Amino acid sequence: MSHATDIRTNRLLDMSRPELDRLFRYSPPGEIPRGKGLGTVLLGLDPKMNALAAVLARRLAWQGKVFDRDGRGLRNLVSPFGIRAVRARVYRDQSWSDQGACIVLDYSHTSLVAHWIRDEIRSVGQGVYLGNVYWGRRKILDFSLTFGDART
């Protein structure tokens, strides 16, 4: 997929679950991100419900992820205070959804709290990544991460 469309988070909030799945399937993994990515929960429902859920999640529970400089790990920004917690290993592997290349955020060896969670991300625009969240082998949620200049 070309980044000529330059997908932004606002557009992702308007997408249905099948549209998000299709976008993920046809997007490249991109480079492993570095630094702070602003997180947005994507439910794939009605756009107004999506926006409300995204605001509530960001204010109360999850603000995003901070990737290590070496690209091999990250911590989530959680709570209303943005505490860095819930560590994950970061590496490239095949996606569980389509066996294509993706960037895996693996909590299985780093977190007691999120031991059963696996995130997969792919680049959908300059500084914007679309992610899938798995609990065990079951996909439960989508999210986006927005880095640097893409936030403006």
For segment 32-49, Karplus couplings with θ = phi - 60° (6.51, -1.76, 1.60), whole Hz, Gly/Pro x | 5, x, 10, x, 8, x, 6, x, 9, 6, 10, 8, x, 10, 4, x, 5, 5
By the scheme Lys and Arg +1, Asp and Glu -1, what is the net charge of all other residues having a beta-carbon under 12 Å from that of D70?
-> +3
The simple spin-label model distance between W116 and A61, using points 7 Å out along Cα→Cβ, in nm, is 1.5
Among S27, G39, S97, whose Cα lies farthest out toward the positive end of the dipole of the chain, if unit charges sit on the beta carbon of Lys, Arg (+1) and Asp, Glu (-1)?
-> G39
For D106, D14, what ranking results if the residue with the fewest other Cβ atoms within 10 Å of its Cβ goes first?
-> D14, D106
Theoretical FRET efficiency, 1/(1+(r/R0)^6), r = Cβ-Cβ of I140 and R69, R0 35 Å, to 0.05 = 0.70
Percent relative contact order of segment 3-151, based on C-alpha pairs within less than 8 angstrom and at least six residues apart?
-> 25
Between the residues V55, S79, W116, the Cα farthest towards the positive end of the dipole of the chain, that dipole coming from +1 and -1 charges on the beta-carbon of Lys, Arg, Asp and Glu, is from S79
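If I stretch the segment between L52 and Q99 completely, what's the gain in nm (0.36 nm per residue apart, minus their alpha carbon distance), one decimal? Let's see the in-between values first.
Numbers: separation 47, 0.36 × 47 = 16.92 nm, distance 3.23 nm.
Stretched fully, the L52-Q99 segment lengthens by 13.7 nm.
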Classified through the alpha carbon gyration tensor (a ≥ b ≥ c as square roots of its eigenvalues; rounded if a/c is under 1.5, else prolate when a/b is larger than b/c, else oblate), segment 32-97 comes out oblate
Hey, any idea what Rg/Rh is for the chain, computing Rh the Kirkwood way over Cα pairs?
-> 0.92
Each residue of segment 90-96 in order: what ³J(HN,Hα) in whole Hz does its phi give by Karplus 6.51 cos²θ - 1.76 cosθ + 1.60, θ = phi - 60°, with x for Gly and Pro?
-> 10, 7, 8, 6, 7, 6, 6
Lys and Arg at +1, Asp and Glu at -1: add these up for the other residues within a Cβ distance under 13 Å of Y107 and post the number.
-> +2
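We did not get these values from a lab; they are worked out from the coordinates using the rules stated. None of these values were measured; they are calculated from a predicted model. All Cβ positions, even for glycine, are placed from backbone atoms using ideal geometry, and neighbour counts span all protein chains on display.
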